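Note sheet for the following structure.
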Amino acid sequence: TQDVTLHYFWSRHCPHCQTAKPFINQLAASTPWLSLYSYDLVDNHDHQQRYVKMAAQLQQPANSVPAFIFCGQMMTGYDQATTTGKELEARLLACHQQAEQQAIPQYVNIPGLGKTHYQDFSLPVFTLIIAALDAFNPCAFFILFFLLSLIVHQHSRTRMLVIGGTFVLCSGLMYFLFMSAWLNLFLLTDQLTLITLAAGLIAVSFGLINIKDYFYFKQGLSLSLSDSARSKLFTRIRTLTQNDNWLTMIFATLILAIAANSYELLCTAGLPMVYTRILTLNDLSNTQYYLYLALYNVIYIIPLLLIVIFFTITLGSKKLSEQEGRLLKLLSGSMMLGLGLVLLLKPESLSNMLVSIAVISGAVVLTAGVALVQKLRA
């Protein structure tokens, strides 16, 4: 059977809630496919926040009880079992029957994990994919490649590994702090619908600008590093690579990483901001939120660390070409545009792994298609 989850929000001081409670409990007890979650909102901040979040996902106000949330629907108020109760029961049954007809396997048996719901892997998989794609950031790549290409001429693998590794790890920490600031902004405000709308609009805007940069590079509004900012960074990098004192060199690397990431914020703000907003649409504890941010940033720095290791082993000097940088912009722009549109139109659907994968896959296919067409025309 296909389970239906009913979230029941109520107050012990609400007479209609007290009238509804026996009917709801009896309905859950007599309906094997119905899972009931009951939340008393009085003096319980977590329950209140849950109600606000779930209602916001459905574009509904969280200002009355009793409230019933299920199957992407929300009902408020209760009269008696023969009226409101009968309507609620009919809608729950319709939801159950629709799920049965679709016959989507809700659970899979995974060795070592046992019976697992397919959506349990939505957020981890989504985190893995978004962070991995965010890691291929043209701004970060340009700076790291330039830093390593200067150090390579000194023919010191130790120096390259220490400077490159310090730069990447500090960059990851800066990214984590930046995303934590977004997380706290989203968690502290009660205007979740407006925040989601703003995040969606920013994502769509950044996405369109990055897509524009692929076709019209450095023309008009751009999220790339400006020539002046790049010149300042490169001057600092040259100064750093000429220093012979290890402590001074490491300290200068930390300062460089902070400065570089400050310049990169506009270039990289879109995806981490969208991801953090999507993260807050999930009902998690504060510890889980920060663990997901940590996971995101670990994944984010892996490609950068691999570049450092590759340079250290080969002492080679690879530069990111302009065409490669533009393709990365097209990929990130397409992905931000897709995620932004979902945030604007139906943010709750991002809790479904299939929707998230479809948006990201679409961006990858679009980028590959455009690159192929450009290659054939060349």
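Throughout, read-outs are computed from the coordinates displayed, never taken from laboratory work. Just so it is clear, the model here is predicted, and its values are computed rather than measured. We place every Cβ from the backbone using ideal geometry, glycine too, and count neighbours over all the protein chains shown.
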Exercise. Using a basic spin-label model with each label point 7 Å from the Cα along Cα→Cβ, how many nm lie between LEU208 and GLN49?
Worked result: 3.4
Seminar exercise, completed: Here FRET efficiency (C-beta to C-beta, LEU188 to TYR216, R₀ 51 Å, nearest 0.05) is 0.85
Seminar exercise, completed: Rounded to 0.05, the calculated FRET efficiency for the beta carbons of HIS13 and GLN73 at R₀ = 30 Å is 0.70
For this session: Please list 359-367, 83-91, 281-289, 162-170 highest first by mean number of surrounding beta-carbon atoms within 10 Å per residue.
Result: 162-170, 359-367, 83-91, 281-289
